[in-house]
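This report concerns only the one structure given below.
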Amino acid sequence: SVQDENSSGRPDEEDDDPELERLARQAGWGDRAALEELLRRISPPVVRYCRSKLLGSVGAHGPDDVAQEVLLAVCDALPRFRPDGTSIMAFVFGICRYKIVDAFRASGRDRSIASESLPENADEGPG
């Protein structure tokens, strides 16, 4: 289903969930169970958001790949997350926006051409 988006362009769901905020703090402190639960809960909206923004895009990074990169970046950034008026979901969707822009940039640099068949011999020229 299509999610309604608020003025910042991200889905209106689980924005100010105190449980997510608690899980994020605990995960940032190294609690593995809290990290697993946080990722389980934020993964569906992250995947939906990436799919909605990258629908029909071409290149090496599909929407699910970008969503995976977002979740990895969230794991890496959680110890530095400080909820100073910013919800964990605003933090997560901020990372989404950066990763989506990165995917568009990478697709703009991708000069490969999809082919139905493989070449008979390897190209032995320079480059």
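Name every residue in the range 38-53 that is of a type in the set (A, V, I, L, M) and surrounded by fewer than 21 Cβ atoms within 10 Å (Cβ to Cβ), in order of residue number. Those that are of a type in the set (A, V, I, L, M) and surrounded by fewer than 21 Cβ atoms within 10 Å (Cβ to Cβ): Leu39, Val47. Within the range 78-109, the set of residues being among the aliphatic types (A, V, I, L, M) and under 19 Å from Asp17 (Cα atoms) comprises Leu78, Ile88, Met89, Ala90, Val92, Ile95. Among the criteria (1) out of contact with any strand residue (DSSP E or B) (no Cβ under 9 Å at 6 or more places or on another chain); (2) closer than 20 Å to Arg105 by Cβ; (3) hydroxyl-bearing (Ser, Thr, Tyr), the one Tyr49 does not fulfil is (1). Picking from residues in the range 54-79 that are modelled with pLDDT under 90, surrounded by fewer than 18 Cβ atoms within 10 Å (Cβ to Cβ) and not hydrophobic (A, V, I, L, M, F, W, C), the one that is nearest to the chain's Cα centre (by Cα) is Gly62.
The values are calculated or read from the model by the stated rules, or taken from the named source; none is laboratory data. Computed from a prediction, not measured in an experiment: that's the story for all the values here. In this analysis, Cβ positions are derived from the backbone assuming ideal geometry, glycine residues included, and neighbour counts consider all displayed protein chains.
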